[in-house]
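What follows draws every value from the coordinates through simple rules; no lab data is involved. Small disclaimer: the values here were computed from a predicted structure and weren't measured. Quick reminder, even Gly has a Cβ in these numbers, built from the backbone with ideal geometry, and neighbours come from all protein chains shown.
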Amino acid sequence: ELVGVAHETGLDELRGIVGNAAAIEAYRAGTLPFPDGAILVKLAWKHVQSTEFEPAFVPGPATTVQVMVKDSKRYSSTGGWGFGRFIDGRPVDEAQHQTCFGCHAAGVKQHDFVFTRLAP
Ligand code: HEC
């Protein structure tokens, strides 16, 4: 289910953040930390101008898919979250997980390392 959307100007991307039932239930109930089994996925596309209606921007080519999976035992060293990144359906950069966690920990440690809020 959709959690929210984002627009990033640096990489010029449109993003959609979706979550599984465990994540959505925790969002709706305002439960933190997220329970084990919660999964959040960020889908990203290049931000392109519509050829059919100029003021509109639409998804262009897909860029990356990023995943966070909550398993407090397995990923205890990164706040209970496992981080993964995929390009063209293939996993990339196993070593990058600390980078992922670093930025999420710096920004939203008090929100269980999750930036996106449920869209009102
Ligand atoms: C420099 C900071 C930074 C780094 C590094 C980073 N993220 Fe994020 N991430 C964000 C921000 C900000 C958002 C929310 C806005 C957005 O979606 O663009 C976000 C959102 C997410 C979301 C949606 C849930 C949430 O927390 O909002 C997932 C899943 C995610 N990132 C996974 C990853 C993964 C996997 C990596 C490493 C490959 C990673 N992130 C690296 C800043 C970062």
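Calculate, in nm to one decimal, what L11 and Q96 gain on full extension: separation in residues at 0.36 nm each, minus their alpha carbon distance.
The L11-Q96 span can extend by a further 28.8 nm.
Give me the aspartates and glutamates in straight-line cross-link reach of K46: C-alpha distance below 12 Å, same-chain residues under 8 apart excluded.
Output for K46: E8, D12, E13.
Calculated from DSSP H runs of 4 or more alone, at -39500 (n - 2.57) each and per residue, what is the 222 nm mean residue ellipticity of the chain, nearest 500?
The per-residue figure over the chain is -5000 deg cm²/dmol.
Subtract the Cα-Cα distance of S77 and S50 from 0.36 nm times their separation in residues, and report this length gain in nm to one decimal.
Going from the current span to full extension adds 5.4 nm.
Net charge near F57, counting Lys/Arg +1 and Asp/Glu -1 over other residues with Cβ under 14 Å of its Cβ? Intermediate results must be reported in sequence, preceding the final value.
Numbers: positive: R15, K46; negative: E8, D12, E13, E52, E54.
That works out to -3.
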